[in-house]
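To start, the structure under review is shown below, and the notes come after it.
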């Protein structure tokens, strides 16, 4: 797959220097980072997993520190919310594609995995690197009629970004400031935007305000898409219970599509949730940005992250 192959004729290290502004002293750190767990090099992939963990922890610290410095009035709950939005797998996957880091990733993929990754890359390029909360609900025809549909954001790209950050941290002699420069080079605009308007996961919007919101997994559609039903039962009897069916590349994606569709069609749910979110943000509660875990569709190390 040409668009997911290392660029030629320059080396991966030269390319990373061009894209992130960091020159590796020991290029072996970078080579370990770009050997993702789906690669056919077991030891290198294991090292990439360790670098990903290091990069994940460094990124969390840098993001919290940056947000606290820029918004000193924020309490712990607000800082947690914006940090979760900035470091979730979906956000980092977009950042990785925006910086063209996928071009240095080395992996051995099945044809179906290649198709999933390439579709995501093409979509990101076409839509100018759109985050999941910015996407409107897309409707697709199905034997069940037109259904809202969502594409998953491949976790492997988020893993790659974190592994490269881990490699920078180790290569720089554990210099957090040099690692910070790389993070800001890649994420400055996103950090500023999310501090201005922090996105909240549609799944969280639905389930936080409505404990009676229940997802039911259905049989997959004929094209292989995951298919779910979201049943929303209001806490009061003033409004009737409603159901929303949706589909997606994975169960997680289908749930996100159903939640978005419910929010579009139940404005009272959005408004009530908005009041709760604002209240919780200032209370110091630790609130996450979405459902736990990644899709696992095209590999990934299983690092516990949340998806927007």
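The values are calculated or read from the model by the stated rules, or taken from the named source; none is laboratory data. Treat the numbers as computed from the prediction; the structure is a model and nothing was measured. With ideal geometry, Cβ positions are generated from the backbone for all residues, glycine too; neighbour counts draw on all protein chains shown.
If the requirement is being under 29 Å from residue 58 (Cα atoms), in contact with a strand residue (DSSP E or B) (Cβ under 9 Å, 6 or more places away or on another chain) and at pLDDT below 95, which of these qualifies: 203, 117?
On the way: 117 fails: in contact with a strand residue (DSSP E or B) (Cβ under 9 Å, 6 or more places away or on another chain).
The match here is 203.
Which of the residues belonging to segment 144-155 are under 12 Å from residue 245 (Cα atoms) and assigned to a loop (DSSP other than H, G, I, E, B)?
144, 145, 146
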